[in-house]
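The values are calculated or read from the model by the stated rules, or taken from the named source; none is laboratory data. Keep in mind that what you see is a predicted model, and the values were worked out from it rather than measured. When we count neighbours, we look across all protein chains shown, and the Cβ atoms used for this are built from the backbone with ideal geometry, even at glycine.
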Amino acid sequence: MKFEDFPSEIKPDLLPSPSGHLVYHCLGCGCEYEIDSLLYTCPDCGKVFLIQDLEQDRLAKRTGARWRQIFDYRKMLNLPALKGVFLFHEFLAPVIPLEDVVYLGEGHTPVVAGNQELTEMVGTEFYFKNDGLNPSASFKDRGMAAATSYLKFLAREKGLPEILSVCASTGDTSAAAALYAAYLSGILKSAVLLPHGKVTPQQLSQPLGSGARVFELPGVFDDCMKVVEHLADNYDVALLNSKNAWRVLGQESYAFEIAQGFDYEVKALSLFVPIGNAGNITSVLSGLLKFERFGIIDGLPRVFGVQSTHANPVFRYYAEPPEKRRFEAVVVRPSVAQAAMIGNPVSMPRVLKLVQEYEERAGEPRFFVVQVDEQSIMDSMLLANRNGHVACTQGGESMAGLRQALTQGLIKPGDKAILDSTAHFLKFSEFQTTYFENRFSPDFEITSQPELINRPSYVAPEGLDRLPEPGVKLDPEDFKAFVQSAAKEIARVLGLKPKKN
Ligand SMILES: *Cc1c(COP(=O)(O)O)cnc(C)c1O
Ligand SMILES: [Zn+2]
């Protein structure tokens, strides 16, 4: 809709202009730093930041109802800068002018209800939110849109030369970083560090296709992360891992969208989010807290972090009674939820702080972590996709988490759940292939269930002299023989009955 056609009473608030006073707030010593340079960790104590808006109270000048109205009207606006995660500009990164917002189609991903069959199987009503339908096919684009918009803003303000960004990745961060850098050519260049053999071929092809410098290292993600941290500490590079607090801001849009998608009535929902480096769960909690504080939502929903038994440091932490909790990194074992295969999550201090705040606001336990085994992750992904979803292995993990929460009585049948499918199925299709060929190595602890296996059948009609091949024209008789014989074989396999004439 054209700006002039909006009702006059909404026009003054429709287009946001830069506002607020953002600072890096250190979760270790509480120090605050201005955002006029890119910092990742506290120069004083080395701990991670959350970005805070010191002028946040100004947002209370509008009622929750007014904010809801603004966001809902904005959806009708044909302005690229507000079409993605920056629709929630005032709550996301309000200092960034719209002219610096990078929009590649991220956000506003579909929420798809489970069909009747799958709903019955799972035991309660649920929806997948398909974050695989982001431009680089994972939720990481949300954070990358915010982080690269900030870099663009910074580069313009300070007249900086081209910035080199670096990140370590379980596959999807590098795909997103490389994509946004490719778009911002002249402003941003990307180098990515991947654990050799621990990202899927599809994920490897993404940064290569976007023209990033790709480095493969021995070890797992946690090892790559250490190298990237060393680079960021000692060289002039911009780090794009979720240690970068701008990423957390962009990813809050996931929570904002759930709010908007359910008409801001979210209190009775249960959100299931896979946890790897814990950036996503940080953002979900932080986003919900913001919307609750300003009366935009009706209350805080239950939030469930989900981890595999093969990479479960956050589960282990919260499984202890509060007085006994001590965080310990774990050594990860192979996991099909490979994008979450992280033993020492960088955002753990953020989780600790936000969970405490979340439960204080909610006044009761509303945050839980469940763990699920590899078998249930794979089986859940396959079942979901057999019922019309496009869930990745981490999406399978979310669904397995819902089933686990039901089994443990943490939620009851009738409670409505939202499952985060964090990436597109196709990025992780090799795990499906491995399952269908029943050749998982023993350390995965996955046995293929025959009823879930699906394999192609090659139809090679017997007794024919000539078969079709590319570039060769069969003579009509041979071709007819081939068509009839192939159709007959397929009809036999499918048990088709001939038409009656
Ligand atoms: C990064 C990623 C995760 C884990 O998210 P964190 O923010 O690291 O906890 C889960 N699923 C997919 C597909 C990812 O790319
Ligand atoms: Zn500090």
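Numbers for the structure displayed
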{"quantity": "Condition check for residue 14: away from ligand 2 (no atom under 16 Å from the Cβ), in contact (Cβ under 8 Å) with a residue 60 or more places away in the chain and among the hydrophobic types (A, V, I, L, M, F, W, C)", "calculated": "yes"}
{"quantity": "Residue that is farthest from ligand 1 (Cβ to nearest atom), among those in the range 257-276 that are assigned to a loop (DSSP other than H, G, I, E, B) and surrounded by 24 or more Cβ atoms within 10 Å (Cβ to Cβ)", "calculated": "266"}
{"quantity": "Odd one out for residue 33 among (1) modelled with pLDDT of 95 or more; (2) away from ligand 2 (no atom under 16 Å from the Cβ)", "calculated": "(2)"}
{"quantity": "Matching entry among 102, 122 (being more than 20 Å from the chain's Cα centre (by Cα), aliphatic (A, V, I, L, M) and surrounded by 21 or more Cβ atoms within 10 Å (Cβ to Cβ))", "calculated": "122"}
{"quantity": "Test result for residue 279, modelled with pLDDT of 95 or more and surrounded by 24 or more Cβ atoms within 10 Å (Cβ to Cβ)", "calculated": "yes"}
{"quantity": "Subset of the range 127-181 that is part of a strand (DSSP E or B) and aromatic (Phe, Trp, Tyr) - its residue that is farthest from residue 113 (Cα to Cα)", "calculated": "128"}
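Okay, residues lined up against (1) hydrophobic (A, V, I, L, M, F, W, C); (2) part of a helix (DSSP H, G or I); (3) in contact (Cβ under 8 Å) with a residue 12 or more places away in the chain:
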{"residue": "204", "(1), (2), (3)": "yes, yes, yes"}
{"residue": "216", "(1), (2), (3)": "no, no, yes"}
{"residue": "233", "(1), (2), (3)": "no, yes, no"}
{"residue": "243", "(1), (2), (3)": "no, no, yes"}
{"residue": "246", "(1), (2), (3)": "yes, yes, yes"}
{"residue": "255", "(1), (2), (3)": "yes, yes, yes"}
